[in-house]
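Novice: Just dropping this structure here.
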Amino acid sequence: MPETILITGGAGFIGSNLVHRWHRNHPQDRIQVLDKLTYAADPKQIEGLDRVELVVGDIQNLELARHLIDKNGVTKVFHLAAESHVDRSITGPAEFIQTNLGGTFAMLEAARQVWAGQQDCRFLHISTDEVYGSLGDTGKFHETMAYAPNSPYSASKAGSDHLVRAYHHTYGLNVVTTNCSNNYGPRQHPEKLIPLAITRMAKGEPIPIYGDGLNVRDWLYVEDHCAALETVMLKGVAGETYCVGGDNEQTNLALIDLLCDLVDQHLGRPQGTSRKLKTFVQDRAGHDRRYAIDATKIQAELGWKAGSGFREGVSQTVAWYLKP
Ligand code: NAD
């Protein structure tokens, strides 16, 4: 049966990749994108796709959200719209609280009012592993771990996760939440580490590295994340949360070195050229040291697994940002 799905934040990095994936895999469905088109959006990434409609609007607008879900008979909501950059949350936290907490509230409330208990309609909330705080040298984040967010960004996402949980527990809304590790891949805003580093390497400009560069992240190719979101939407259990990660821990320094080598190779430069651009800068305030995900639950219960090799994924990413 053809359905209409709503993707909030569908003009952003992960959202636009998800729009392309759902469009490819579900040729009968209509896709409605609700996006405010902040600085982080690039609507050109989803232009020209039939059955995809972009509505420019704010997720905090409950009336608009209710109208869209009701008018179009939306049965599935992927909720990705958010303020997403940790550094910006440190210098200007207000927007993060309004969008991530207030916006998630409005989207949940709209779904609750329109769906009125229909269990075949589902709300998938896309969240981050940063809600769990920072790890020491060992251990991994998992679904039953206590929340310990450290930045205004992660605190606002943690609050939104709790709202989602409460809407299931109190109202019986069919919700699922995913907490994913750092994504990389095409269509990301150039302020984020990987696109920033690639474009600076290409221009021969200094590549800033926070602190000692030994902060660890568990990098996942964005297409693998989108595959996980599709799997959870179709097969996840209502009220459950799923941690999503690539089992791919890398220090920032190791990641930058790999990018340097791949950019040099791509541009036909002598190896070592880009590595000379590495510049250590003062660490981010409250910088979490290590994130790592235990993805056993989504693998064992829903059969999802990250499919992309790290070097291959990063190589494709370099090629995408450097294409003429
Ligand atoms: P992004 O910043 O690239 O995109 C966010 C999108 O949301 C943009 O298109 C923006 O215009 C839109 N938006 C922002 N405020 C809005 C508002 N008030 N109303 C409507 N639209 C608004 O972010 P992303 O990296 O694609 O992340 C998407 C989601 O995934 C976020 O919820 C984020 O917390 C989560 N997440 C991201 C990562 C990652 O590594 N990027 C990892 C795990 C989870």
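The values are calculated or read from the model by the stated rules, or taken from the named source; none is laboratory data. Note that the structure is predicted; figures quoted are calculated from it, not measured. Using ideal geometry, Cβ is built from the backbone for each residue, glycine included, and neighbour counts are taken over all protein chains shown. What goes into the accessible areas is simple: the full protein's heavy atoms, side chains included, and nothing from ligands, DNA or RNA. Shrake-Rupley method; radii C 1.70, N 1.55, O 1.52, S 1.80 Å.
Novice: Quick query: amide H of Arg122 versus all other amide H atoms, modeled in the peptide plane; which residues come in under 5 Å with a sequence gap of 5 or more or a different chain?
Specialist: The list, which skips near neighbours in sequence, is Lys76, Val77.
Novice: If you put +1 on each Lys and Arg Cβ and -1 on each Asp and Glu Cβ, how big is the dipole of the chain around its Cα centre, in Debye rounded to 20?
Specialist: 440
Novice: Could you give the accessible area per residue of the range 59-146, probe 1.4 Å, as a whole number in Å²?
Specialist: That works out to 41 Å² per residue.
Novice: Can I ask one more? Could you size up the charge dipole of the range 151-270 around its Cα centre, putting +1 on the beta carbon of Lys and Arg and -1 on that of Asp and Glu, and report it in debye to the nearest 20?
Specialist: Charge dipole, the range 151-270, about its Cα centre: 380 debye, nearest 20.
Novice: May I pose another question? List every residue whose amide H lies under 5 Å from the amide H of Asn183, counting only residues 5 or more places away in sequence or on a different chain, with H placed 1.01 Å from N in the peptide plane.
Specialist: Leu220
Novice: Separate question: Hey, what D do you get for the chain in µm²/s if you plug the Kirkwood alpha-carbon radius into Stokes-Einstein at 4 °C and 1.567 mPa s?
Specialist: 64
Novice: Here's something else I'd like to know. Considering only protein heavy atoms and a 1.4 Å probe, what is the carbon-and-sulfur percentage of the accessible area of the range 164-269?
Specialist: 50
Novice: Given a 1.4 Å probe and every protein chain left where it sits, what share in percent of the accessible area of the range 1-114 is carbon and sulfur?
Specialist: 53
Novice: Among Gly309, Tyr171, Ala227, flag the residue with its Cα farthest along the positive direction of the charge dipole of the range 166-324, charges on Cβ as +1 for Lys/Arg and -1 for Asp/Glu.
Specialist: Gly309
Novice: Same structure, new question: Compare Ile293, Ile31, Ile209 in a GNM of the chain, Cα atoms joined below 10 Å, and give the one with the largest fluctuation.
Specialist: Top of the fluctuation ranking is Ile209.
Novice: What number comes out for accessible area per residue over the range 241-324 if the probe is 1.4 Å? Units Å², please.
Specialist: 50
Novice: Would you mind telling me the antiparallel percentage of the DSSP bridges in the chain, rounded to 5?
Specialist: 10
Novice: Under a GNM of the chain (C-alpha, springs under 10 Å), which listed residue has the highest mean-square fluctuation: Leu229, Leu258, Leu220?
Specialist: Leu258
Novice: Would you mind classifying the range 130-170 by shape? Square roots of the alpha carbon gyration tensor eigenvalues, ordered a ≥ b ≥ c; an a/c under 1.5 is rounded, otherwise it is prolate if a/b is larger than b/c and oblate if not.
Specialist: Taking the square roots of the gyration eigenvalues as a ≥ b ≥ c, the range 130-170 is oblate.
Novice: Report, ordered by chain and residue number, the aspartates and glutamates lying within cross-link reach of Lys157, taken as a straight Cα distance under 13 Å and ignoring same-chain residues fewer than 8 apart.
Specialist: Leaving aside aspartates and glutamates fewer than 8 places away in the same chain, those within reach of Lys157 are Glu83, Glu95, Asp129, Glu130.
Novice: Further question on the same structure: What are the ³J(HN,Hα) values, in whole Hz, obtained from phi via the Karplus relation 6.51 cos²θ - 1.76 cosθ + 1.60 with θ = phi - 60°, for each residue of the range 81-88 in sequence order, with x given for Gly and Pro?
Specialist: 4, 6, 7, 10, 9, 3, 4, 5
Novice: Right, next: Limiting things to C-alpha atoms, what are the Rg and the maximum Cα-Cα separation (Dmax) for the range 1-109, in angstroms?
Specialist: Over the range 1-109's Cα set, Rg and Dmax evaluate to 13.7, 47 Å.
Novice: Pick from Glu249, Glu240, Glu312: which residue has the top mean-square fluctuation in a GNM of the chain where Cα pairs under 10 Å get a spring?
Specialist: Evaluated over the chain, the most mobile residue of the options is Glu312.
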